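Each remark here refers to the structure printed beneath this line.
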Amino acid sequence: MTKWAMVIDHQKCVGCGACIIGCKTENNTPEGIYWSYKITETVGTFPSVRYHYIPTLCNHCDNAPCVRGCPTKALHKTEDGITMHDPDKCIGCKYCMFNCPYGVIYFNWRKPHPEWRSQEVLIEGCTSSAQEMADKVKGRVTPYYNPERESTLDGIRPKGVVEKCTFCDHRLKKGLLPACVEACPADARIFGDLNNPSSAVSRLLGKYRSYRLKEHLGTSPKVFYIRSFNPGAYIQTKGEVS
């Protein structure tokens, strides 16, 4: 049985944010909702300061607190380990958001993409409105709408329900990698079958020591991090005694 997982290589990640943009474009997520995002940390004391960038997404936990807490089973596990959400069953109670220790589930407080629904023009008789522009290119709400997302989930999730990363399940069904993986110019995100010992993710986890976010909670995340990024160098020395 396939068990999907992702490995993120800190050594290769340059913090460019291409994964975030690729995800938003693929999944039609509105402003303020990020299925793929980041944790940015600046640590140390000047002048010895380090910058940490940790890409984040749904961890698709084996022992998912969001699934356990969902009263309608809108959040559920698939056979291949994906934590999926069914907007038709979601009642918007937000228990999943409170139960998720990673903060990667978002709630649609308003009708998505309000900026593209506006009929206001910037210059009367000269420019078009945002809605006119979307209609002109035959987009659905937004001019850059991706209809491929509709194959397994609402193309744009409605007001009053939650949404989250699905490992791009619609792309997996077509034999394609998740959009964030494809968008990464440094190949810092590696995706594959954890149950296949020959897969890239299995080989990397066998070669490098890995960690997962908040492992002590026992959620068994399926997003692993390897290596650390350190571009700095120092003059070789054996130290000193005085």
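Of the residues making up the range 78-114, those that are open to solvent by 20 Å² or more (accessible area, probe 1.4 Å) and of a type in the set (Ser, Thr, Tyr) are 78, 95, 102, 106. When 147, 158 are checked against the criterion of being under 26 Å from the mean Cα position of the chain (by Cα) and without any contact (Cβ under 8 Å) to a residue 40 or more places away in the chain, 147 stands alone in meeting it. Considered as a group, the residues in the range 1-57 that are in contact with a Lys or Arg (Cβ under 6 Å, 6 or more places away or on another chain) and small (Gly, Ala, Ser) include one that is nearest to residue 189 (Cα to Cα), and that residue is 5. Taking first residues from the range 190-214 that are closer than 20 Å to residue 57 by Cα and partners that are surrounded by 14 or more Cβ atoms within 10 Å (Cβ to Cβ) and basic (Lys, Arg), the Cβ contacts under 8 Å between residues at least 6 apart in sequence or on separate chains come to 193/3; 194/3; 194/222. Take residue 217 and decide whether it is out of contact with any Cys (no Cβ under 6 Å at 6 or more places or on another chain), open to solvent by 70 Å² or more (accessible area, probe 1.4 Å) and aliphatic (A, V, I, L, M). Answer is yes for this residue. Taking residue 158 as the residue in question, decide whether it is open to solvent by less than 10 Å² (accessible area, probe 1.4 Å) and closer than 17 Å to residue 85 by Cβ. Criteria not met by residue 158. Taking only the range 201-211 into account, find how many residues are under 12 Å from residue 9 (Cα atoms) and open to solvent by less than 70 Å² (accessible area, probe 1.4 Å). Residues in the range 201-211 being under 12 Å from residue 9 (Cα atoms) and open to solvent by less than 70 Å² (accessible area, probe 1.4 Å): 5 in total. Restricting attention to the range 35-42, does a residue exist that is open to solvent by less than 10 Å² (accessible area, probe 1.4 Å), in a loop (DSSP other than H, G, I, E, B) and under 16 Å from residue 94 (Cβ atoms)? No, every residue in the range 35-42 fails to be open to solvent by less than 10 Å² (accessible area, probe 1.4 Å), in a loop (DSSP other than H, G, I, E, B) and under 16 Å from residue 94 (Cβ atoms).
In the list 63, 27, 59, which residue meets the criterion of being at pLDDT 95 or above and surrounded by fewer than 18 Cβ atoms within 10 Å (Cβ to Cβ)?
Working: 27 fails: surrounded by fewer than 18 Cβ atoms within 10 Å (Cβ to Cβ); 59 fails: surrounded by fewer than 18 Cβ atoms within 10 Å (Cβ to Cβ).
Only one candidate qualifies: 63.
The values are calculated or read from the model by the stated rules, or taken from the named source; none is laboratory data. Predicted, not measured: the structure shown is a model, and the values here were computed from it. Virtual Cβ from ideal backbone geometry, glycine too; neighbours counted across all protein chains shown. Accessible surface is based on the protein model in full, side chains and every heavy atom, while ligands, DNA and RNA are left aside. Shrake-Rupley method; radii C 1.70, N 1.55, O 1.52, S 1.80 Å.
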